[in-house]
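Q: Before I ask anything, let me first share the structure, which is written out below as structure tokens.
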There are 2 protein chains.
Amino acid sequence: MGLDPLGIPPTDSDGITQEELALATRNRGMPLEALAADITPPGLHYLLIHYDIPFVDAAEWRLRIGGAVESPMSMALHELQAMPSKTLTVTMECAGNGRARLQPRPVSQPWGVEAVGTARWTGVPLRDLLEIANPLAEAVELVFTGADHGTERGVEQDYQRSLPIEHSMQAEILLAYAMNGEPIPAQHGHPMRLLVPGWYGMASVKWLHRIEAVTTPFTGYQQKAYTYHRNETDPGTPVTTIEVRSLMIPPGFPDFLTRRRVVDEGPVELRGRAWAGPVEIERVEVGVNGEWFDATLDDPIGAFAWRGWSAIWTPAPGEHVLTCRATDANGNTQPLNQPWNTGGFGNNAVQTVPVTVR
Amino acid sequence: MGLDPLGIPPTDSDGITQEELALATRNRGMPLEALAADITPPGLHYLLIHYDIPFVDAAEWRLRIGGAVESPMSMALHELQAMPSKTLTVTMECAGNGRARLQPRPVSQPWGVEAVGTARWTGVPLRDLLEIANPLAEAVELVFTGADHGTERGVEQDYQRSLPIEHSMQAEILLAYAMNGEPIPAQHGHPMRLLVPGWYGMASVKWLHRIEAVTTPFTGYQQKAYTYHRNETDPGTPVTTIEVRSLMIPPGFPDFLTRRRVVDEGPVELRGRAWAGPVEIERVEVGVNGEWFDATLDDPIGAFAWRGWSAIWTPAPGEHVLTCRATDANGNTQPLNQPWNTGGFGNNAVQTVPVTVR
């Protein structure tokens, strides 16, 4: 989420504002029943679009690489598609996922827990192009510019983010032109987006059309906005890789308005997914009314993709609260309480699912 | 929207509840910039899902037609696909579109104005199957059952709606298995949905698997819930065809949080779409600060589809409020004020777009 976290005071109000609602209607969470699929079905992947979707004409589009490079270049889509490609299965999540659950609530796109999705992205490794463009020795970062244009906190801008040159040379960084084997849909960045696997979505610049090597670190709006500030005087740390999280497919069936679940008595298979950006998932636990037991992990489907898990639960009739928490290979476990910060970023507190068993 | 409009009191609060927000995150409006396209790009069509998306296995799925018919039948998808098909371009809209703009606000899915989309649907005309199944003379309605299951106001149900036999025999009523030339995505009713062109979306039952001819009018939950009640004692009239409405692509570029628009000085082409269910659009007017002038209509693209319109506006710098209003061939014009009813249905009051011209 791109708001300057120090610019808009959070609210203690339970009531979501009309402005937040307008964002919630434009942007899209992934309905949690879609956790059933390894690859999120087309149209169900989460979407966060800062300004308007630019409908870019792929035939006219070119990617330009310039700035502090030896060989500035400009390529058409078909030229990029003729280069060796790579396909990666990547779980992407919005840095603001969980924001609307915070108290006080930072005012921005009001996500519950659904701002996530997994796709197979195909593109050209960025480093293959950098080996041609050849950044100068004094270049420290690459700045990526998208075609989306708007204002935030009074700052007019094209959406821009940077990456250090070193990170840009990693094998998994793609200039992606296909999503699940099809041209990328307009809303996901057609015809090309940057893909930074393992990082929150703000890094994967959509509608990419310019890459510029710079000799001093980029300090543009989006670079500053995506920062963890514990409070208004905290200088903060940048938002980067995705924090460990797990989600469960809510079992049984829902009430339309409250989404509260009803589950029939007898053994129930609980299923879900867990991920931790570039880090492996080591453990998933299921919580039933505050008691924890281990879930079984499915085989991994990719180094940057979520991992399935399941557990059999045989409940007694009555009211129950289900939850799940993941631990990654670095020993990080999801917190039970919200990790508050001024922008509402990286809130990976456990999901809770109240159910009535009958 | 499926809530019993008499069951949940509306709220005077400006603040959207967490329950409404959870619905807004699951369901999806069409970002208004997608009004640029005749056919809504895949993934951007509005979605309203009462319960959970059922992921139906098309290979196992069958359509059963029974009840008061001479020849009950059961067909596999490939058998239906082998029958003569028809393709129609249809604009679909949620009956609750505009609900969140009402004051007091009926508590349900809180739509702004974006619950709309247009697709090319392909399927078998329902009447071709009815000619085989042959409803008995005493049959008055068909009841359509979807695979989605949940509760609303304490009533557990599969989603069900009915149509009179006579309406069911109209040539445009389809059992659709393709959307924009592809199998229907899970969230839009895979593998088959009913399509009732010209009606609000609640009639076009998704995940359809059973059609039953009945000899007395169906009075199931969804049939009652979708009713216009002016107040709590009004017996009401059923929600049926789509009311006349127009929308404009918000010009210029937005602010991230407020969505407020900035437009550069000079001639601006305003573009949008207008529709009125099964009725032709006769006129679209653009309003600038309360003064109206006529827009130019594009050629129609289908009897049940929206119609493009455009107008050139040459504004002076400063603050302006844009709007648009459509009139259909029956002489119905969009109201300037909200047509309130307890369920928040059919609110076709004009859209307003404040813009700053610089």
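Every number here is computed from the coordinates shown, using simple stated rules; none is lab data. Predicted model only: the values in this text are computed from it and were never measured. Here Cβ is always computed from backbone atoms with ideal geometry, including for glycine, and neighbour counts include all displayed protein chains.
Q: May I ask for the distance between the Cα centers of region B:322-354 and region B:223-282, given as a whole number of Å?
A: One Cα centre to the other: 6 Å.
Q: May I pose another question? Quick query: amide H of residue B:228 versus all other amide H atoms, modeled in the peptide plane; which residues come in under 5 Å with a sequence gap of 5 or more or a different chain?
A: B:237, B:239
Q: Could you list, bin by bin from short to long, the percent of Cα-Cα pairs of region B:195-295 in 5 Å steps?
A: 2, 9, 11, 15, 14, 12, 13, 10, 6, 4, 3, 1, 0
Q: Using the Karplus curve 6.51 cos²θ - 1.76 cosθ + 1.60 with θ = phi - 60°, work out ³J(HN,Hα) for each residue of region B:333-346 in order, rounded to whole Hz, and write x for Gly and Pro.
A: 10, 4, x, 7, 10, 5, x, 6, 8, 5, x, x, 9, x
Q: If each label sits 7 angstrom from Cα along the C-beta direction, how far apart, in nm, is residue B:216 from its counterparts in the other copies?
A: 8.2
Q: Another question, then. Taking the Cα centre of region A:245-357 as the origin, how large is its charge dipole in debye, to the nearest 20, when only Lys and Arg (+1) and Asp and Glu (-1) carry charge on their Cβ atoms?
A: Roughly 380 debye for region A:245-357.
Q: Under a Cβ-only charge scheme (Lys and Arg +1, Asp and Glu -1), can you give me the dipole magnitude of region A:18-236 about the Cα centre, in debye to the nearest 20?
A: Charge dipole, region A:18-236, about its Cα centre: 360 debye, nearest 20.
Q: So what is the relative contact order for region A:1-116, in percent, with contacts set as C-alpha pairs under 8 Å and at least six apart? Don't skip to the answer; put the middle values down first.
A: Numbers: 134 pairs, mean separation 44.8, N = 116.
So the answer I get is 39 percent.
Q: Among DSSP beta bridges whose residues both lie in the protein assembly as shown, state the antiparallel percentage, nearest 5.
A: 90
Q: For a quick check: with amide H placed at 1.01 Å from N, whose amide H comes under 5 Å from residue B:174's, ignoring anything fewer than 5 positions away on the same chain?
A: Sorted by chain and number, the residues that satisfy this are B:126, B:195.
Q: Using a Gaussian network model on chain B with a 10 Å cutoff between Cα atoms, which of B:17, B:258, B:227 fluctuates the most?
A: In this elastic network of chain B, the residue with the biggest mean-square fluctuation among B:17, B:258, B:227 is B:258.
Q: Further, regarding this structure: Percent relative contact order of chain A, based on C-alpha pairs within less than 8 angstrom and at least six residues apart?
A: 19
Q: Oh, and also: Where the only charges are on Cβ atoms (+1 Lys, Arg; -1 Asp, Glu), what is the dipole of the protein assembly as shown about its Cα centre, to the nearest 20 debye?
A: About 200 debye.
Q: Among A:287, A:242, A:160, which residue has its Cα positioned farthest towards the positive end of the charge dipole of chain A, with +1 placed on the Cβ of Lys and Arg, -1 on the Cβ of Asp and Glu, and the dipole taken about the Cα centre?
A: About the Cα centre, the residue reaching furthest to the positive side is A:287.
Q: Given H placed on each backbone N at 1.01 Å, which residues far from residue A:260 in sequence or on other chains put an amide H within less than 5 Å of it?
A: Result for residue A:260 returns A:255.
Q: Let me ask you something else. Applying the Karplus parametrisation 6.51 cos²θ - 1.76 cosθ + 1.60 with θ = phi - 60° to the phi angles of region A:134-149, what ³J(HN,Hα) value in whole Hz is obtained for each residue in order, glycine and proline being reported as x?
A: 6, x, 5, 4, 7, 5, 10, 9, 10, 9, 9, 10, x, 8, 7, 9
Q: Right, something else. How many nanometers, to one decimal and shortest first, lie between the label point of residue A:238 and those of its other copies, if labels sit 7 Å from Cα toward Cβ?
A: 6.0
Q: Which lysines does residue B:86 reach when only Cα atoms under 21 Å apart count, and residues fewer than 8 places away in its own chain are ignored?
A: B:206
Q: Quick one: what are the phi-derived ³J(HN,Hα) couplings along region B:173-180, Karplus 6.51/-1.76/1.60 with θ = phi - 60°, whole Hz, x for glycine and proline?
A: Per residue, the Karplus-derived 3J(HN,Hα) values read 7, 10, 9, 8, 10, 9, 10, 6 Hz.
Q: Turning to a different aspect of this structure: If each DSSP helix of 4+ residues adds -39,500 (n - 2.57) and the sum is divided by the residues in chain B, what number results at 222 nm, nearest 500 deg cm²/dmol?
A: Details: 5 runs with 31 residues, N = 358.
For chain B, the value works out to -2000 deg cm²/dmol.
Q: Moving on. Counting only Cα atoms, I'd like the Rg/Rh figure for chain B, Kirkwood definition for Rh.
A: With Rh from the inverse mean 1/r over Cα pairs, Rg/Rh is 0.98.
Q: While we're on this one: Just for the Cα atoms in region A:245-357, what are the lengths along the principal axes, largest first, rounded to whole Å?
A: Projected onto its principal axes, the Cα set of region A:245-357 covers 39, 36, 25 Å.
Q: Label-point separation (nm) for residue A:233 and residue A:83, each offset 7 Å from Cα along Cα-to-Cβ?
A: Result for the modelled spin labels: 4.8 nm.
Q: Of all the Cα-Cα pairs you can form in the protein assembly as shown, what percent are over 33 Å apart?
A: When all Cα pairs of the protein assembly as shown are counted, 51 percent exceed 33 Å.
Q: Among A:65, A:32, A:190, whose Cα lies farthest out toward the positive end of the dipole of region A:18-236, if unit charges sit on the beta carbon of Lys, Arg (+1) and Asp, Glu (-1)?
A: Most positive-ward Cα: A:32.
Q: Continuing with this model, one more query. Just grab the label-to-label distance for residue A:312 and residue A:12, each label 7 Å out from Cα along the Cβ direction, in nm (one decimal).
A: Rounded to a tenth, the inter-label distance reads 5.0 nm.
Q: With springs only between Cα atoms under 10 Å apart, run a GNM on chain A and tell me which of A:108, A:168, A:74 wobbles the most.
A: Result: A:74 has the largest fluctuation of those listed.
Q: Given a Förster distance of 25 angstrom, what is the FRET efficiency for residue A:156 paired with residue B:37, based on the Cβ-Cβ distance and rounded to 0.05? Working shown, then result.
A: Numbers: r = 27 Å, r/R0 = 1.07.
With R0 = 25 Å, the Cβ-Cβ based efficiency is 0.40.
Q: A follow-up question, please. How far is residue B:352 from the same spot in each other copy, in nm, shortest first, if each label point sits 7 Å from Cα toward Cβ?
A: 4.0
Q: Let me ask another. Which chain B residue puts its Cβ closest to the axis that rotates B onto A, and at what distance in whole Å?
A: Nearest residue, distance rounded to whole Å: B:15, 1.
Q: Now, a different point. So how do A:345, B:253 line up by other beta-carbon neighbours within 10 Å, fewest first?
A: Arranged by neighbour count, lowest to highest, A:345, B:253 become B:253, A:345.
Q: Same structure again: Quick check on region A:125-242: take the gyration tensor over C-alpha atoms, sort the square-rooted eigenvalues as a ≥ b ≥ c, and tell me if it's rounded (a/c under 1.5), prolate or oblate.
A: The shape class here is oblate.
Q: Can I ask one more? If you count, for every residue in A:148-160, the Cβ atoms of partner chains within 10 Å of its Cβ, what is the mean?
A: Mean shielding count: 3.
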